[in-house]
Amino acid sequence: MASRPTVVRTVSALRRALAPFRKAGERVALVPTMGALHGGHLALVAHARRRARRVVVSIFVNPTQFAPLEDFDSYPRELKKDIAALTAARADLIWAPAAAMMYPEGFVTRIEPAGAAKAGLEDAFRPHFFGGVATVVAKLFTQVAPDFAMFGEKDYQQLRVITQMAKDLDLPVKVAGVPTVREKDGLALSSRNAYLSTGERAAAPALYRVLKTAAARIRKGETVEHVLDVSRIEIDVAGFTLDYLEARHAHTLAPIASRKDGPIRLLVAATIGKTRLIDNLGV
Ligand code: AMP
């Protein structure tokens, strides 16, 4: 049986736990999460294990990336279950700081990402989000000093923002993206899927279905604008309230009108009932 990963809750305990890895010259990969772990997170852990001898998983529901009316208080917290899942996934260390450890009294510094972080996608609906994410990820990178850090393509804009931040700040970490893990019916795994009622859960795979159809139609040569128009209606008909469905340059996330102008990524965010879901797909 795999041994249970050590859970550390202070920066000094984290450093003590990492020291033997470093001393042995072992590479370390970090998987940042907010807990309530599912198969998507565990895919990141599996990828991390392929890259590095040691895998650190952080579990921290980061208050600074939630707006006042978002689901910070109700966000699922399941540390016991998470520890069991990470034992089976053979992670080495769980970094689970309290909010007061991450943001002690007097904390004022904030990273303000631009570029992909201001693409007019998630940032248009959650203006605090990427500042909060970039700040906490910069802290996680400094605390753990990983050789690799794994992020899901599920949160595609976030992956672009973190990749750019690591480059801009010369952070000595290789940021790696991991393909989205989906349910059999196509719905991207997400901790927020737990909020869906039975009826909403049945309707939710429409999001991915529409993305797949749209990508196929663009590949066949239909104009991006026309395909987006039709797809937006399909998402509406499936019972969602659409925040955005956009075609963007896969690297810069700048608007893109045609495949001639570079690789296209389709990105969508929509609410069903009270649950906001996001997804994306390469064309
Ligand atoms: P979260 O706990 O939701 O902040 O997610 C932590 C990490 O897991 C992020 O890098 C996410 O992109 C990634 N992730 C979440 N869901 C999935 C999924 N279905 N497939 C792959 N990665 C995912």
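None of the figures in this text is laboratory data; all of them are computed from the coordinates on show. Every value quoted in this text rests on a predicted model; they were computed, and no experiment measured them. We place every Cβ from the backbone using ideal geometry, glycine too, and count neighbours over all the protein chains shown.
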>> If you average the C-alpha positions of the stretch 145-216 and of the stretch 5-21 separately, how far apart do those two centres end up, in angstrom?
In response: 28 Å
>> Please list, ordered by chain and number, the residues whose modelled amide H lies under 5 Å from the amide H of residue 7; skip anything fewer than 5 residues away on the same chain.
In response: 94
>> Treating the stretch 79-187 as a set of equal point scatterers at the Cα positions, no solvent, please give the Debye-formula log₁₀ I(q)/I(0) at q = 0.09, 0.16, 0.22, 0.24 Å⁻¹.
In response: -0.29, -0.91, -1.36, -1.39
>> Once R0 is set to 35 Å, what does the formula 1/(1 + (r/R0)^6) return for the Cβ-Cβ distance between residue 225 and residue 251, expressed as a FRET efficiency to the nearest 0.05?
In response: 0.95
>> Could you tell me which residue out of 197, 239, 181 lies farthest along the dipole of the stretch 158-282 toward its positive end? Charges go on the beta carbon: Lys and Arg +1, Asp and Glu -1, centred on the Cα centre.
In response: 181
> Given the pairs 184/220; 184/274; 154/212; 139/167; 81/139, which are separated by over 18 angstrom at their Cα positions?
Replying inline: 184/220; 184/274; 81/139
> For the stretch 1-158, what percent of Cα pairs sit more than 25 Å apart?
Replying inline: 30 percent
> Using mean Cβ contacts within 10 Å as the protection proxy, how do 177-183, 152-158 order, highest first?
Replying inline: 152-158, 177-183
>> Can you tell me the length gained on complete extension of the stretch residue 27 to residue 261, counting 0.36 nm per residue apart and subtracting the Cα distance?
In response: 80.4 nm
> In the calculated pair distance distribution of the stretch 223-283, what percentage of Cα-Cα distances lie above 18 Å?
Replying inline: 34 percent
>> Tell me the Rg and the Dmax, in Å, that the Cα atoms of the stretch 134-260 produce.
In response: 17.3, 48
>> For the chain, compute the orientation-averaged projected area of the C-alpha convex hull (one quarter of its surface), in nm².
In response: 15.5 nm²
> Using alpha-carbon positions, what is the distance between the centroids of the stretch 33-60 and the stretch 218-233, in Å?
Replying inline: 36 Å
